[in-house]
Amino acid sequence: RMAVSGDGTDLHVANESRGVDVVPRATGAVRTTRLGAAHGLALSPEDARRSVTLPSAGLVRVLGRTTGAVVRTLPGGGRPRVVACTSAGDLATVANEVGWVTFVR
């Protein structure tokens, strides 16, 4: 999964072999936040946070956009795969391989 920042400056990519890659459009230089096998990725509407699913770990991690630091870790319950944020940024939905959807505030 991937997402482009609202201002179009960065491409954010969930990388199944190492974590999250950020590619600035201006330089093309890849910066990686190592998390393990990442699958789903969503940017919050204001671009302040990235939500990333880690199916093999059963977790959803929320990262700060500018630092890449983990600001919150949530149990995904099973194998979380796909994540999306509402336009208001107050709710994320996480689809899980084991048959349910989790809502995170």
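The values are calculated or read from the model by the stated rules, or taken from the named source; none is laboratory data. All values derive from a computational prediction rather than experimental measurement. We place every Cβ from the backbone using ideal geometry, glycine too, and count neighbours over all the protein chains shown. Note: areas computed on protein heavy atoms with side chains; ligands, DNA, RNA excluded. Shrake-Rupley method; radii C 1.70, N 1.55, O 1.52, S 1.80 Å.
Structure above, values below:
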quantity: Built amide H within the under 5 Å cut-off of Arg65, gap 5+; calculated: Arg49, Arg50
quantity: Two-site label geometry, Ala48 and Val4: point separation in nm, points 7 Å out along Cα→Cβ; calculated: 2.5
quantity: Equivalent ellipsoid dimensions for the stretch 33-105 as semi-axes, Å, which come from the Cα gyration tensor, largest first; calculated: 18, 15, 8
quantity: For the chain: accessible area per residue (Å², 1.4 Å); calculated: 52
quantity: Solvent-accessible area, 1.4 Å probe, carbon plus sulfur percent, for the chain; calculated: 55
quantity: Mean separation of Cα contacts under 8 Å, 6 or more apart, over the residue count of the stretch 54-105: relative contact order %; calculated: 27
